[in-house]
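As structure tokens, the structure follows; a few thoughts come after it.
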Amino acid sequence: MLKLVHRSLLYFGKALLFLVWIGVYQPVRLLSRLFDEITGAGRKRRELRSTFQERVPLSTSAFVKESGIAADEAPIWLALRQAVGELARLPEEVIYPYDDLASLRLMMAPAPDAPWFDTGSNWADVVDWAAMILRVVIPIDKDFHTRWVQAESTGGLRTLHQLAVFLEEIIQNH
């Protein structure tokens, strides 16, 4: 008798989960996509992604040269480029040193097949990802946040180049 009750509860739980998935998850996902299309955000993201993907690939050495950095600084810059590429779902060769951070952030929006609750990556994720690539610890603490807000408010965080300089300074002072 206990097995029968247990099986019935298990069946009921699965049925309830399925109904929630159909009745809540799918409509929210549909409304989210519909909102993106009505506001034009979806089209803008697709056009921007296409612009990035159609770029002439920039080799690692050309990226370093265009950045105007010394060879010993290159690992931080290349790790940042790799992190942005992976989180934006773009080949890192199409990411240039003077790319606008706002455009790159749009590329970090959730993928079309992402769950509705996925908000995409942000710059803290990029910093963490770059730190993981470099095998260093970059504390994203109150000091980091204060410096970030200050740099952002003075226009010091508008391009990937500026973010790399900022990150370099954080790593050197840590």
Taking residue 144 as the residue in question, decide whether it is of a type in the set (A, V, I, L, M, F, W, C) and either modelled with pLDDT under 95 or assigned to a loop (DSSP other than H, G, I, E, B) (or both).
yes
Report yes if some residue within the range 95-102 is in contact with a His (Cβ under 7 Å, 6 or more places away or on another chain), closer than 18 Å to residue 162 by Cα and crowded, with 16+ Cβ neighbours inside 10 Å; otherwise report no.
yes
List pairs: first residue in the range 148-174 and outside any helix (DSSP H, G or I) and modelled with pLDDT of 90 or more, second residue among the small types (Gly, Ala, Ser) and surrounded by fewer than 19 Cβ atoms within 10 Å (Cβ to Cβ) anywhere in the structure, Cβ distance under 9 angstrom, at least six positions apart or on different chains.
157/151; 158/102
Which members of the range 129-156 meet the condition of being charged (D, E, K, R) and surrounded by 11 or more Cβ atoms within 10 Å (Cβ to Cβ)?
143, 147, 152
Going by the structure shown, is residue 105 modelled with pLDDT under 85 and either under 18 Å from residue 166 (Cα atoms) or assigned to a helix (DSSP H, G or I) (or both)?
no
For the range 83-102, which residues satisfy the criterion of being part of a helix (DSSP H, G or I) and either touching a residue at least 60 places away in the same chain (Cβ under 8 Å) or of a type in the set (Lys, Arg) (or both)?
84, 101
Looking at the range 58-82, which of its residues are surrounded by 18 or more Cβ atoms within 10 Å (Cβ to Cβ), in a helix (DSSP H, G or I) and among the hydrophobic types (A, V, I, L, M, F, W, C)?
63, 64, 76, 77, 78, 79, 80
Any chance residue 71 is more than 14 Å from residue 163 (Cβ to Cβ), free of Cβ contacts under 8 Å to residues at least 24 places away in the same chain and in contact with a helix residue (DSSP H, G or I) (Cβ under 9 Å, 6 or more places away or on another chain)
yes
Quick check on my filter: what residues within the range 52-61 are of a type in the set (A, V, I, L, M) and under 13 Å from residue 98 (Cβ atoms)?
58
Show the residue pairs that are 6+ apart or on different chains and have beta-carbon atoms under 8 Å apart, the first residue being within the range 53-68 and closer than 20 Å to residue 107 by Cα, the second being among the basic types (Lys, Arg).
63/81
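Yes or no, residue by residue, for (1) over 29 Å from the mean Cα position of the chain (by Cα); (2) at pLDDT below 70; (3) under 20 Å from residue 106 (Cα atoms); (4) of a type in the set (Ser, Thr, Tyr):
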position	(1), (2), (3), (4)
1	yes, yes, no, no
4	yes, yes, no, no
11	yes, no, no, yes
14	yes, no, no, no
18	yes, no, no, no
33	no, no, yes, no
39	no, no, yes, yes
Filtering the range 27-57 for residues that are surrounded by 11 or more Cβ atoms within 10 Å (Cβ to Cβ) and either of a type in the set (A, V, I, L, M, F, W, C) or closer than 17 Å to residue 161 by Cβ (or both) leaves a count of 9
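The values are calculated or read from the model by the stated rules, or taken from the named source; none is laboratory data. Predicted model only: the values in this text are computed from it and were never measured. Cβ: placed from backbone, ideal geometry, glycine included. Neighbour counts: every protein chain shown.
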